[in-house]
Amino acid sequence: MDAIGVAVIGFGWMGRVHTQAYLRLRQHYPDLPRPELVAVADDVPGRASEAATRYGFQIATTDWRDLLEDPRIGAVSITAPNFLHREIGAAFAATGRHIWIEKPVGLDAGDARAIVGNGHVAVGFNYRHAPAVQRARAILRDGGIGAVTHARFAFLSDYASAPDGALTWRFLRAYGGNGVLGDLGAHAVDLIRHLLGEIDTVTAADTAIFIPRRPAPGGATTGHERGTGPLGTVENEDWFAALLRVGDTRVTVEASRVAVGRQNHYGFDIHGTAGMLSWDFRRMGELVVDGRPVFVGPGDGEFGAFQPGPANAMSYDDLKVIEAALFLRSIVEGVPHGATLPDAIRAAEVLGDIAHRATAEP
Ligand code: NAI
């Protein structure tokens, strides 16, 4: 296979990042099929056609259903809001298309399970692709810090900390699901599973909504703008924390979208009987081993496809190029590489357990 036609459904932040990843793919992975930008869909009038002009899609539409029968499309990026993942995902999966879908994949585990087809399904759990995370995984696999006793995973940000931030789809249960659980918590749960192993139980949990009302958006939003309309109710979680068990390992996980003063503070501390590993996304190329920073380099995950030597910085967008490469490699080889639909289903189940456990607490 020399080329594969792709469509991108939903052209907000993630739609743009997936598109740019497709365009850069062959620059970093010359042996993989060349993604051809066939179609882009976005329901905001003008948004898809602007994307087509800027990035070179052959067709633009406001209705993704127009693309279901297009024989030129072999793979589909689903980068629309969470409430549409199920409908769009199930429709394209039924046609046998390969799918690269953003986390959390729908509103809950049931939505993720509804995506059934013969194509490969890749999920946007990008943080597991950071070369430092891959180095940590290799160290853990080799027993490099002994038996893991306890670990902390935190995904803290302040993107929703302004009380006048617009009441977008993210804050409504029917559109955004369980708020920060699916938004940042899904990434944290995926990292826990990827590094430490399957989560056995949720032993304690708590959740909170700290900003209960927000103004409606003034018009079509492109992110986290101020709202100018009447106040409405925030329906899903701003924050959660939970205690988990992975075998005998005790794990704490916390995520917040209203952590004033913290921006993209995503990472972990993992303690073993003979050492410690620590990682912070904001210093993506650094793994802290026993308190000492080690710069990752070629040989750590996919680093070598981007930079020639250690301590050259990689970016968030590079993680999406890696994800695109693993997606296409999975299609070519018929063997999954990277996060798949069962990973999204399991993450959603754990997050559902956390939400349930939190409401069961006094
Ligand atoms: P966004 O709000 O920037 O973009 C969503 C786009 O979908 C908008 O352009 C909107 O007009 C479009 N859309 C809405 N209804 C549509 C429809 N019926 N047909 C076609 N397009 C439609 O949102 P963002 O941040 O790009 O998030 C999209 C997805 O990506 C979400 O599921 C989110 O959880 C995920 N995400 C993942 C991240 C990661 O690190 N992996 C980071 C940010 C978001």
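The values are calculated or read from the model by the stated rules, or taken from the named source; none is laboratory data. Note that the structure is a prediction, hence the values are computed from the model and not measured. Using ideal geometry, Cβ is built from the backbone for each residue, glycine included, and neighbour counts are taken over all protein chains shown. Side chains are part of the model used for accessible areas, which takes the heavy atoms of the whole protein and leaves out ligands, DNA and RNA. Shrake-Rupley method; radii C 1.70, N 1.55, O 1.52, S 1.80 Å.
Some points to look at:
- Subset of the stretch 285-299 (residues that are open to solvent by less than 20 Å² (accessible area, probe 1.4 Å) and assigned to a loop (DSSP other than H, G, I, E, B)): Val296, Gly297
- Residue within the stretch 297-307 that is assigned by TED's automatic domain parsing to the domain that holds Ala154 and farther than 19 Å from Arg128 by Cα present: no
- Among the residues of the stretch 15-36, those identified as within 16 Å of the ligand (Cβ to nearest atom) and touching a strand residue (DSSP E or B) at 6+ places or on another chain (Cβ under 8 Å) are Gly15, His18, Thr19, Tyr22.
- Among the candidates Arg292, Arg282, the residue that is within 16 Å of the ligand (Cβ to nearest atom) and either closer than 17 Å to Leu195 by Cα or assigned by TED's automatic domain parsing to the domain that holds Leu191 (or both) is uniquely Arg282.
- Selected residue [surrounded by fewer than 17 Cβ atoms within 10 Å (Cβ to Cβ) and not β-branched (Val, Ile, Thr)] from Ala324, Ala311: Ala311
- Condition met for Thr233 (open to solvent by 70 Å² or more (accessible area, probe 1.4 Å) and more than 22 Å from the chain's Cα centre (by Cα)): yes
- Residues located in the stretch 134-153, provided they are open to solvent by less than 10 Å² (accessible area, probe 1.4 Å) and either on the phi > 0 side of the Ramachandran plot or touching a Gly at 6+ places or on another chain (Cβ under 7 Å) (or both): Ile145
- Looking across the stretch 245-260, the residues that are part of a strand (DSSP E or B) and over 13 Å from Ala358 (Cβ atoms) come down to Arg245, Val246, Thr249, Arg250, Val251, Thr252, Ser256.
- Scanning the stretch 39-54 for residues that are crowded, with 21+ Cβ neighbours inside 10 Å and not charged (D, E, K, R), we see that the one that is nearest to Phe83 (Cα to Cα) is Ala41.
- Residue check for Leu156: open to solvent by less than 40 Å² (accessible area, probe 1.4 Å), at pLDDT 95 or above and assigned by TED's automatic domain parsing to the domain that holds Asp280: yes
- Close pairs from the stretch 57-68: first open to solvent by 40 Å² or more (accessible area, probe 1.4 Å), partner within 11 Å of the ligand (Cβ to nearest atom), Cβ under 6 Å, at least 6 apart: Ala60/Val40; Ala60/Ala48; Thr62/Asp43
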